Amino acid sequence: MILISKKSQERRQKAIERGTYSAASASPPIERNCAPPASGQKELYCPIIYHGPSASDGTKKLIEPIEFHGPPPSDGAKKLIEPIEFHERPNTPAPAESPPSVPSCADNAAQQPPSNSYDFDLRQMIDYKPQAADAAREERNRSAMIAALSPRTLDGVPLAPPPADVIVKAQIPVFIIANDQDVYSSPGDHLRRIAIPILPDSSENEVTNILNHSESKVIFVSQRLASKVSQECRDKMTLVIDIDTFEVIKADDDKFTCDGRPSVPTPEDIAAILYTSGTTGSAKGVVLSHRNLTSNVITCYHSCKRTEKDRWLSILPMAHTLEMTLSMLYPMYCGATVYYLPKPPVASLLLKAMKIVKPTTILSVPLIIEKVYRNSVLPTIKKSRTLTWMNEHMNGLMCKIIGMKLKKTFGGHISFFGIGGAKLDPEVEAFLLKANFPYAIGYGLTETSPLLGYAMKGWRAVGSFGYPVYNVKLKLHNVNPETGEGEVVAKGPNVMLGYYKDPVRTKSVFTEDGWFRTNDIAVKDEKGRYFIKGRNNNMILGPSGENIYPEEIESVINNVDGVNESIVVERNGRLVALVQLDENMIEWDKEGEDNFYEKLDAMKEKIQKMVNKNVNKTSQVSSVEVMKEPFEKTATQKIRRFKYKDSAPTVEEESKSKGE
């Protein structure tokens, strides 16, 4: 049915008489998707909503009559058989999405739902968006799917095809199993296909332990890493698939009972088990449910809104929960594009990828940006007389100038550079803050899927991870009244189900009233922001009972010129600093023995004096030992401290063994 106003009809008739009428320029009629009544009488039986001003007398009616055009009713009169009801549209603008504001403690407490509100359906959780975005969700998803099949563009300009060493993933992929660095396994269909990612640098022994402990039945493995899966483990598998070609390496048809039908999980079903030994050396399988992961995706949306226009550059292992949640699930949720690197993110590959991808979003660990600062920013300042003078007299302006250059190095479009997995060096963060670099600090653990706290532009402070994220509660437990220090504990839908097959350890990381213990010691400032002091199990008890946090001493050591990284350990009641120097500080194989040890002793003395000058008396180090080989690290580039507690492969240890 078509409704055309009488005035519109008169204008059209005059245009036809003048010969200027064009169907393309005509005002569209009002269409009704209503079928005629069964009697054949052409009457309006569907209500029409009139969106317009009221009449002069205030009544809600049509200012001019509407004439019904179509086959006339039986009496031949062209008229409206039934009255039409009109409703005036309120003259209010559409609500605009506002960026998250700085949360206060009261705001954070107010937004926490009661414990029973966590029991919501998985589909509702996945489909959830703030009300302002509800109307556009379906159209955005359709557009994203169309864009996934279209050539990639940047601001309307087609992007050149990436080289072979940059892998491109389209928008909203159906499923990402793994990249070619990872091994993925699954315990089988009876547990709804649980994903167990294994880090690519895991040893054969670690892979064997994970496969045996998880009782995995299916494994996807790349050709490069296939040698790490022992024959004994392969024999236990029901299905082994080459992830490079998706060819079946082994299949036990008698034991493989999958019928090909997907099962819909419940929120509490296990989604993944992530094995992590962390810095303590004791491996544990963190059990994460679908609720854990999806709730953290929603948390990411509230913390930093991303859209289908954003481009991620993924540089961390996808087997780590930080990368899996924030650089796979979240961009999939918001329809963004993710570019994956097939090789470790060395400087040459990163620069090449950033130039091509021009990312808007990057997730990183502190080590990467700290290396950029120490290996690029500081040398640039020292080589330039102008920048050296500005550093002393106009430090703020100099930092902003270098910050603009740094943004261009990252592709020129970076708007979010998330840093997490370990504590960022205070000196590096102070520079990023002055440089107006778009960094954000994220705090969390594998056990919390991972995000717990974040600091964005507007409430960042050097050394602080900011405030709790959306839908998560944080507080300090067992607070020391003198220092204000306490353990950070958390509660929320993102907290893990427990450690796989380890109820004793699971019980030990929860308080009696159900709060998860992070093992991080922190304080809060007057604005409610959290500042991490160190790990509870890293803390060293001083001779007078004082708490010594080695991380604070290490931050001073790492800022000494020539030092790459360090850890502080306690040996026989004394603090010993283990230091790895920059590559160009001492030429290990070219120096003569006397000259070598002379330079080494001078460097150690310099480090010890510098450190002890800048720390309190109880935190002063008794000796400095130099590492010849790099420290062994976790996936997030944290040093495995337990390996160096009693002894370390230092130059001093090597010389002692030669002397013996």
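Please work out which one of (1) in contact with a helix residue (DSSP H, G or I) (Cβ under 9 Å, 6 or more places away or on another chain); (2) farther than 15 Å from residue 530 by Cα is the condition residue 461 fails and give its number.
Here residue 461 clears every test but (2).
With the checklist (1) open to solvent by 20 Å² or more (accessible area, probe 1.4 Å); (2) in a helix (DSSP H, G or I) in hand, flag the one item residue 309 doesn't pass.
Of (1) open to solvent by 20 Å² or more (accessible area, probe 1.4 Å); (2) in a helix (DSSP H, G or I), only one is false for residue 309: (2).
Looking only at segment 424-470, which residues are of a type in the set (A, V, I, L, M, F, W, C) and assigned to a loop (DSSP other than H, G, I, E, B)? First the steps, then the outcome.
Quick first cut of segment 424-470, residues of a type in the set (A, V, I, L, M, F, W, C) only: 424, 428, 430-433, 435, 437, 440-441, 445, 451-452, 455-456, 459, 461-462, 465, 469.
Those that are of a type in the set (A, V, I, L, M, F, W, C) and assigned to a loop (DSSP other than H, G, I, E, B): 424, 435, 437, 445, 456, 459, 461, 462, 469.
One residue is enough: does segment 444-453 have a residue meeting the conditions farther than 23 Å from residue 494 by Cα, open to solvent by 20 Å² or more (accessible area, probe 1.4 Å) and either without any contact (Cβ under 8 Å) to a residue 60 or more places away in the chain or not aromatic (Phe, Trp, Tyr) (or both)? Spell out how you get there, then give the answer.
First, pick out the residues of segment 444-453 that are farther than 23 Å from residue 494 by Cα: none.
Looking through segment 444-453, none of the residues is farther than 23 Å from residue 494 by Cα, open to solvent by 20 Å² or more (accessible area, probe 1.4 Å) and either without any contact (Cβ under 8 Å) to a residue 60 or more places away in the chain or not aromatic (Phe, Trp, Tyr) (or both).
Which one of the conditions (1) part of a loop (DSSP other than H, G, I, E, B); (2) crowded, with 19+ Cβ neighbours inside 10 Å does residue 479 fail to meet, given that it meets all the rest?
All conditions are met except number (2).
Need pairs with beta-carbon distance below 8 Å; first residue closer than 19 Å to residue 475 by Cα and within segment 504-515, second modelled with pLDDT of 95 or more and open to solvent by 90 Å² or more (accessible area, probe 1.4 Å); sequence gap 6+ or separate chains.
none
Just name the residue that is surrounded by the fewest Cβ atoms within 10 Å (Cβ to Cβ) out of those in segment 345-375 that are under 21 Å from the mean Cα position of the chain (by Cα) and free of Cβ contacts under 8 Å to residues at least 40 places away in the same chain.
Here the residue is 346.
May I ask you to list the residues in segment 416-448 that are modelled with pLDDT of 95 or more, hydroxyl-bearing (Ser, Thr, Tyr) and farther than 15 Å from residue 465 by Cα?
Once the filter is applied, which keeps residues that are modelled with pLDDT of 95 or more, hydroxyl-bearing (Ser, Thr, Tyr) and farther than 15 Å from residue 465 by Cα, segment 416-448 yields only 448.
Are there any pairs, at least 6 apart or on different chains, whose C-beta atoms fall under 8 Å, with the first in segment 304-327 and farther than 19 Å from residue 633 by Cβ and the second of a type in the set (Lys, Arg) and assigned to a strand (DSSP E or B), and if so, which?
Within 8 Å, no pair qualifies.
Taking the criterion of being farther than 24 Å from residue 323 by Cβ, of a type in the set (D, E, K, R) and surrounded by fewer than 21 Cβ atoms within 10 Å (Cβ to Cβ), would at least one residue in segment 388-402 satisfy it?
Taking segment 388-402 first, the residues farther than 24 Å from residue 323 by Cβ are 388-402.
The next check asks that each one be of a type in the set (D, E, K, R); those that pass are 392, 400.
Subsequent filtering for residues that are surrounded by fewer than 21 Cβ atoms within 10 Å (Cβ to Cβ) retains 392, 400.
Yes; the residues of segment 388-402 include at least one that is farther than 24 Å from residue 323 by Cβ, of a type in the set (D, E, K, R) and surrounded by fewer than 21 Cβ atoms within 10 Å (Cβ to Cβ).
Return the total of residues in segment 594-630 being among the polar types (S, T, N, Q) and touching a helix residue (DSSP H, G or I) at 6+ places or on another chain (Cβ under 9 Å).
The qualifying residues number 6.
Restricting to segment 346-391, name every residue that is part of a loop (DSSP other than H, G, I, E, B), polar (S, T, N, Q) and over 21 Å from residue 328 (Cβ atoms).
Here is the first cut: in segment 346-391, the ones part of a loop (DSSP other than H, G, I, E, B) are 346, 358-360, 365, 384.
Restricting the remaining residues to those that are polar (S, T, N, Q) gives 360, 384.
384 - this is the single residue of segment 346-391 that is part of a loop (DSSP other than H, G, I, E, B), polar (S, T, N, Q) and over 21 Å from residue 328 (Cβ atoms).
Quick one: which of 329, 322 is open to solvent by 40 Å² or more (accessible area, probe 1.4 Å), touching a Leu at 6+ places or on another chain (Cβ under 9 Å) and closer than 23 Å to residue 272 by Cα? Step through it out loud before you land on a result.
Details: 322 fails: open to solvent by 40 Å² or more (accessible area, probe 1.4 Å).
After ruling out the rest, the residue left standing is 329.
One residue is enough: does segment 387-409 have a residue meeting the conditions within 30 Å of residue 491 (Cβ to Cβ) and either β-branched (Val, Ile, Thr) or out of contact with any Leu (no Cβ under 8 Å at 6 or more places or on another chain) (or both)?
From segment 387-409, those within 30 Å of residue 491 (Cβ to Cβ) are none; that's our starting set.
No, there is no match, as no residue in segment 387-409 is within 30 Å of residue 491 (Cβ to Cβ) and either β-branched (Val, Ile, Thr) or out of contact with any Leu (no Cβ under 8 Å at 6 or more places or on another chain) (or both).
Residue-wise test of (1) modelled with pLDDT of 90 or more; (2) outside any loop (DSSP other than H, G, I, E, B); (3) of a type outside the set (A, V, I, L, M, F, W, C).
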| position | (1), (2), (3) |
| --- | --- |
| 190 | no, yes, yes |
| 205 | no, yes, yes |
| 232 | yes, yes, yes |
| 256 | no, no, no |
| 260 | no, no, yes |
| 264 | no, no, no |
| 278 | no, no, yes |
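Do we have residue 617 as open to solvent by 80 Å² or more (accessible area, probe 1.4 Å) and at pLDDT 85 or above here?
On the way: open to solvent by 80 Å² or more (accessible area, probe 1.4 Å): yes; at pLDDT 85 or above: no.
Considered against the rule, which asks whether it is open to solvent by 80 Å² or more (accessible area, probe 1.4 Å) and at pLDDT 85 or above, residue 617 comes out as no.
Any residue in segment 623-652 that is more than 22 Å from residue 420 (Cα to Cα) and at pLDDT 85 or above sitting within a Cβ distance under 8 Å of a residue that is surrounded by 18 or more Cβ atoms within 10 Å (Cβ to Cβ) and among the hydroxyl-bearing types (Ser, Thr, Tyr)? List the pairs, counting only those 6 or more apart or interchain.
625/650; 626/650; 627/650
Report the residue count in segment 288-306 for those that are closer than 14 Å to residue 321 by Cβ and either open to solvent by less than 20 Å² (accessible area, probe 1.4 Å) or touching a Gly at 6+ places or on another chain (Cβ under 6 Å) (or both).
9
Which of the residues that make up segment 315-345 are within 18 Å of residue 438 (Cβ to Cβ) and either of a type in the set (Ser, Thr, Tyr) or in a loop (DSSP other than H, G, I, E, B) (or both)?
Answer for segment 315-345, where residues must be within 18 Å of residue 438 (Cβ to Cβ) and either of a type in the set (Ser, Thr, Tyr) or in a loop (DSSP other than H, G, I, E, B) (or both): 315, 327, 330, 336.
The values are calculated or read from the model by the stated rules, or taken from the named source; none is laboratory data. Here the structure is a predicted model, which means the values were calculated and not measured. Cβ sites come from the backbone with ideal geometry, for glycine too, and all protein chains shown count toward neighbours. Areas reflect the complete protein model, heavy atoms only, side chains present, ligands, DNA and RNA absent. Shrake-Rupley method; radii C 1.70, N 1.55, O 1.52, S 1.80 Å.
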